Amino acid sequence: MLNKIIDLDKQYYMNTFGERIKLMFTEGHGIELINWNGEKYKDFFAGIAVSAVGHSHPNLVKALQEQVSKLLHTSSVYYVENQALLAQKLCEKTAFDKAFFASTGAEANEGAIKLARKYFYNQGIDKYEIITLNNSFHGRTITTATATGQEKYKAPYAPLTPGFCHIDANDTKALHSVVGDKTAAIMVEVIQGESGVRPLSPEFVSAIRQICDEKDIIFIVDEVQTGIGRTGKFFAFEHYGIEPDIVTCAKALGGGVPISAILAKDFVASAFTPGDHGTTFGGNPLSTCAALTTLDIIEKERLVENSAKVGAYFKDELKSAIGDWCSDIRGKGLMIGVEFKEEIGKQVSSKLAECKYLVGSVGDKILRIVPPLIITVSDVDEFVRVLARILKEDF
Ligand SMILES: *Cc1c(COP(=O)(O)O)cnc(C)c1O
């Protein structure tokens, strides 16, 4: 059966994903994914940090089934009950005043960039430049690919959106030298995910907050990957003791149903006036039902606390079991990067898959471990035992 699907994919699907991992899951429960042939895998990847409450969580299944049988979509031409309730919930839970919902991370970031530029446009101030970081990832639309600090994602698509510049992470000197009269916003991931789980230094994040305050610049934090409890706090910026003016989130927000959000402080959120921004799908009854229910599960099961506790244990266990093979084991909560001394990341990840454990890999040296937030200490113990055995026996 899988071979037939692979053939169809080769013939009919655009070749953007190349040779994929030869697995095709048809069912999932908790942290377990079931392959088409019945084999069970333990999911320590969560579909790129998405499936925060695990697979087929009974409360999410029930809420979605009820919503599907009532209403899927009406557009935001009309009022949408779940949309207003979700906006309220996210604003009351966090330090932000207003929300806007879209469908993907890139779209939320694109909206955040538009909002920052609109804020200055309204005041007749000629500020438009956005500063982002090298090795960042902000999405794949032309503008978010421009914001992304990795050449491979944008070189083929020139000319890119004007008004972006990039500096190295943690380079406070570069920050001070590039900020100028035209700087509208600084946008960062406080832990860079896609490029290998790289936390920014507290000094650098404070320096950004400070320069934004001094020079009337909008501070945007992209929490598309780090948000909604992934790092052991609801938002990762909380680890740094600062608050951005705008934050974006997406991956975990809908528990697997596509939804993203822009959250902003009133002073900048009010820059959008009727007609400035919009979306057909964003915040529809289905996706907002998914997000409301996911947030509810996260609260009831104390999954942010679980992420902090199990994540810290996970990192400690990895350090003592496989520290000798690694040049670094980093991250916060359940967002962990394991960097090997040798270029064995991809092979280790394949061996783990042979042993029925799923993780992500970045480049040739790094494993990205981003399991559902429901994992337990005993899931971690099993995983670490298997990983240590693989390293001892095969490397
Ligand atoms: C995944 C990701 C995005 C892009 O999200 P999409 O839903 O794929 O558009 C943007 N920023 C960060 C930090 C991400 O991890």
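The values are calculated or read from the model by the stated rules, or taken from the named source; none is laboratory data. Since we're looking at a predicted model, the values are computed, not measured. Heads up, the Cβs are rebuilt from the backbone with ideal geometry, glycines too, and the neighbour counts pull from every protein chain shown. Accessible surface is based on the protein model in full, side chains and every heavy atom, while ligands, DNA and RNA are left aside. Shrake-Rupley method; radii C 1.70, N 1.55, O 1.52, S 1.80 Å.
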The range 246-267: number of residues that are outside any strand (DSSP E or B), surrounded by 24 or more Cβ atoms within 10 Å (Cβ to Cβ) and either out of contact with any Ser or Thr (no Cβ under 8 Å at 6 or more places or on another chain) or of a type in the set (Gly, Ala, Ser) (or both): 5
Are there any pairs, at least 6 apart or on different chains, whose C-beta atoms fall under 9 Å, with the first in the range 58-70 and among the basic types (Lys, Arg) and the second modelled with pLDDT of 95 or more, and if so, which? 62/293; 70/285
Condition broken by residue 364, with the remaining ones in (1) in contact (Cβ under 8 Å) with a residue 24 or more places away in the chain; (2) closer than 28 Å to residue 201 by Cβ satisfied: (1)
Within the range 356-371, identify whether any single residue is touching a strand residue (DSSP E or B) at 6+ places or on another chain (Cβ under 6 Å), under 21 Å from residue 51 (Cβ atoms), aromatic (Phe, Trp, Tyr) and open to solvent by 10 Å² or more (accessible area, probe 1.4 Å), and answer yes or no. yes
Does the range 91-109 include one or more residues that are at pLDDT 95 or above, assigned to a loop (DSSP other than H, G, I, E, B), within 16 Å of the ligand (Cβ to nearest atom) and among the aromatic types (Phe, Trp, Tyr)? no
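Okay, residues lined up against (1) of a type in the set (Asp, Glu); (2) modelled with pLDDT of 95 or more; (3) crowded, with 19+ Cβ neighbours inside 10 Å:
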site: 270; (1), (2), (3): no, yes, no
site: 287; (1), (2), (3): no, yes, yes
site: 314; (1), (2), (3): no, yes, yes
site: 324; (1), (2), (3): yes, yes, no
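Taking the condition within 30 Å of residue 359 (Cα to Cα), within 16 Å of the ligand (Cβ to nearest atom) and of a type outside the set (S, T, N, Q), does residue 112 pass?
Working: within 30 Å of residue 359 (Cα to Cα): no; within 16 Å of the ligand (Cβ to nearest atom): yes; of a type outside the set (S, T, N, Q): yes.
Criteria not met by residue 112.
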How many residues does the range 76-122 hold that are surrounded by 22 or more Cβ atoms within 10 Å (Cβ to Cβ) and charged (D, E, K, R)? 2
Subset of the range 1-43 (residues that are under 25 Å from the mean Cα position of the chain (by Cα) and small (Gly, Ala, Ser)): 18, 28, 30
